[in-house]
1. Which of the following residues is more than 16 Å from the ligand (Cβ to nearest atom) and at pLDDT 95 or above: ALA123, ALA119, ALA94, ALA186?
2. List every residue pair whose Cβ atoms lie under 7 Å apart, where the two residues are 6 or more positions apart in sequence or sit on different chains, the first residue falls within the range 150-166 and is on the phi > 0 side of the Ramachandran plot, and the second residue, located anywhere, is acidic (Asp, Glu).
3. What strands (runs of 3 or more DSSP E), lying completely within the range 1-105, carry at least 2 residues that are farther than 27 Å from THR179 by Cβ and either open to solvent by 30 Å² or more (accessible area, probe 1.4 Å) or out of contact with any Asp or Glu (no Cβ under 8 Å at 6 or more places or on another chain) (or both)?
4. Quick one: in the range 58-81, which of the residues that are over 15 Å from GLY104 (Cβ atoms) and among the hydrophobic types (A, V, I, L, M, F, W, C) is farthest from the ligand (Cβ to nearest atom)?
5. Those residues that are of a type outside the set (D, E, K, R) and away from the ligand (no atom under 16 Å from the Cβ), I need them from the range 153-169; list them, please.
6. Taking only pairs six or more apart or across chains, which ones have beta-carbon atoms under 9 Å, a first residue in the range 39-56 that is within 15 Å of the ligand (Cβ to nearest atom), and a second residue that is open to solvent by less than 70 Å² (accessible area, probe 1.4 Å) and in a helix (DSSP H, G or I)?
7. Which numbered condition trips up ASP121, out of (1) touching a residue at least 40 places away in the same chain (Cβ under 8 Å); (2) more than 16 Å from SER178 (Cβ to Cβ)?
8. Which residue is nearest to the ligand (Cβ to nearest atom), if the candidates are limited to the range 189-199 and must be in a loop (DSSP other than H, G, I, E, B) and either modelled with pLDDT of 95 or more or not hydrophobic (A, V, I, L, M, F, W, C) (or both)?
Amino acid sequence: MQRLIAFDDPDGNPIEVVYGHPHDHTPFVSPRGIDFVTGDLGLGHVFLFASDAQRSAEFYQSMLGFRPSDTIAFGPTNAVFLHCNPRHHTVALAAIPGFEPGIGHVMLELSRLDSVGRALDLAMETPGQVVRALGEHTNDEMTSFYLSTPSGFAIEYGWNGRLVDDDSWTVGHYRSASTWGHQVLADVPSAVAVGADDE
Ligand SMILES: [Fe+2]
């Protein structure tokens, strides 16, 4: 049996909830020899610009069943990070003046750091492709860099993301998004959609 419902979040971002999604059980083989960290952790995570991060977070929690991971000081209000499986966050929401609601970046996680490094080598061959330098995040401890895409949002390409155990997890707050790195390399909206700069 397959079922799908479609609706919008408070900012009009379209969401589809599906049951019985078909797949052929054939393992994906990357032409570049990359193993993506997916499975029960899902595709990765999405960082959304929101008009009101707390209002959107309440929707994702009360309507869709997400749980809070932590918050980061980001602009005038906090960015909110939410999880729906052991991945640290599947949705992040931040209200930044001047940025319309929508996708800031999508994160894809790789199983090996050298896969991230080789992608960085490749991306560096195109001027302007890398919008944030390699760095490590405070909250999910992901080592990653950010690439621009033709659609305007960024891809975060990372390794070693932290997992959440709901039995022992304590919701925290961070004053900055990165412990090191993640410097802005391109003045584009997708470069902002990472987290707060170090204070
Ligand atoms: Fe991210």
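1. Numbers: ALA119 fails: more than 16 Å from the ligand (Cβ to nearest atom); ALA94 fails: more than 16 Å from the ligand (Cβ to nearest atom); ALA186 fails: at pLDDT 95 or above.
Just a single option satisfies the conditions, and that option is ALA123.
2. Partner pairs satisfying both residue conditions: ASN160/GLU141.
3. On the way: elements: 3-8, 14-19, 45-49, 67-74, 77-83, 91-94.
The qualifying strands (runs of 3 or more DSSP E) are 3-8, 14-19.
4. Checking each candidate, the answer is MET63.
5. Start the filter on the range 153-169 by keeping residues that are of a type outside the set (D, E, K, R), which leaves 153-155, 157-161, 163-164, 168-169.
SER168, TRP169, listed by residue number.
6. These pairs meet every condition: LEU48/SER56; PHE49/VAL192; ALA50/SER56; ALA50/ALA57.
7. (1)
8. At the first step, the residues of the range 189-199 found to be in a loop (DSSP other than H, G, I, E, B) are 193-199.
Within this subset, residues satisfying the condition of being either modelled with pLDDT of 95 or more or not hydrophobic (A, V, I, L, M, F, W, C) (or both) are 195, 197-199.
On the way: GLY195: 8, ASP197: 15, ASP198: 16, GLU199: 19 Å.
Here the residue is GLY195.
The values are calculated or read from the model by the stated rules, or taken from the named source; none is laboratory data. It should be emphasised that the depicted structure is a prediction, and the values quoted were computed from it without experimental measurement. Positions of Cβ are generated from backbone atoms using ideal geometry, with glycine treated the same way; all protein chains shown enter the neighbour counts. Protein only, heavy atoms only, side chains kept; ligands, DNA and RNA dropped before computing areas. Shrake-Rupley method; radii C 1.70, N 1.55, O 1.52, S 1.80 Å.
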